[in-house]
Amino acid sequence: MFSIIIPAYNEEKRIEQTLTSYTDFFKDKDSEIFVVLNGCTDNTLSIVEKFSKKNPQVKYKNYPQKLGKGGAIIEGFKLVSGSIIAYTDADGSVKPEDLFNLTKKIENCDAVIGSRWLRGSVIIKKQDLIRIILGRAYNILVRLILNLPFKDTQCASKIFKRNVILAILPEIEVTNFSFDAALLYKLNREGFKIKEEPIIWENKGGSTVKITKDVPKMLLAIIKIRLKDLFRL
């Protein structure tokens with residue numbers, strides 16, 4: 001089975017369209033789509049609940065408290081049952097067929113991550129300039145601090161073998177937007193093989209990342225990860 005985790009925080013304007021496109025594509029495949037509602041204060045829960053009743057392939061769990069993007073994905077890892085597990089964003093920035101195509105690359109590795117910055121990647125609609133600059137700067141710092149080779153740690157298209165996730169899940173403590181980098185760092189440090197592949201991606205707008213508030217927290221989180229491992233050596 002192929003499991004797809006979709007963390008959702010106040011996504012009432014976009015979640016139904018994303019679920020529709022994903023269920024249409026995966027309806028004939030052995031798969032499940034699991035929405036983890038993360039402290040929503042809008043109508044996301046009622047929309048997902050209604051959609052799930054009509055589409056049994058879609059499952060969900062609501063957490064009234066805000067877990068953070070990483071916290072929601074961690075809970076999703078515990079809830080799904082697929083031998084291959086993916087996660088993607090609720091905004092539909094990555095189409096289901098493009099996420100599924102990544103699974104074809106996983107046979108000889110442990111994880112496959114989509115990248116917006118590799119040759120062959122297609123950006124249908126770009127982010128605004130300030131987010132592009134900050135995103136690239138953050139990625140450079142992630143690569144330097146965590147010694148990661150990947151050009152794009154933050155793209156919402158990642159596929160893992162279940163046994164690999166279970167092996168490192170207890171060690172993942174970061175629950176904010178730095179979760180992606182923390183997860184890749186642990187996988188890389190443990191010697192798992194990660195393949196980075198070009199992806200088709202479209203900026204949907206409405207990002208919940210607050211530049212002045214979240215970016216410093218993300219940077220601090222990766223510094224703490226590195227320092228913790230250095231002092232452990």
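Is there a pair in 27/104; 50/125; 69/125; 69/217; 69/228; 59/193 whose C-alpha atoms are over 20 Å apart, and which pairs would that be? Don't jump to the answer; show the numbers that get you there.
Numbers: 27/104 18 Å; 50/125 31 Å; 69/125 23 Å; 69/217 13 Å; 69/228 22 Å; 59/193 30 Å.
Too far apart for the 20 Å limit: 50/125; 69/125; 69/228; 59/193.
Picking from 12, 32, 190, which is most flexible by a Gaussian network model of the chain using Cα springs under 10 Å?
Highest fluctuation of the listed residues: 190.
What is the extension gain from residue 62 to residue 122, computed as 0.36 nm multiplied by their sequence separation minus the C-alpha to C-alpha distance, in nm to one decimal?
The span from residue 62 to residue 122 would gain 18.2 nm if fully extended.
With each label point set 7 Å from Cα along the Cα-Cβ vector, what nm distance links residue 129 and residue 105?
It works out to 3.1 nm between the two label points.
Would you please name the GluC sites (Glu not before Pro) within the stretch 55-137 that are DSSP coil residues with at most 12 other C-beta atoms within 10 Å of their C-beta?
107
Starting from the Cα of residue 105, draw a straight line to each of the aspartates and glutamates and keep only those under 15 Å, dropping any in the same chain fewer than 8 residues away.
Result set, ordered by chain and number: 97, 196, 197.
So which aspartates and glutamates pass the test for residue 224, namely a Cα distance under 13 Å, with those fewer than 8 places away in the same chain ruled out?
173
Divide, for the stretch 2-232, the radius of gyration over alpha carbons by 2.2 N^0.38 Å, where N is the residue count.
0.95
So if each residue of separation counts as 0.36 nm, and I subtract the Cα-Cα distance between residue 1 and residue 83, what length gain in nm does that give?
Between residue 1 and residue 83, full extension yields an extra 28.9 nm.
Coordinate-derived values only; no laboratory data. Treat the numbers as computed from the prediction; the structure is a model and nothing was measured. With ideal geometry, Cβ positions are generated from the backbone for all residues, glycine too; neighbour counts draw on all protein chains shown.
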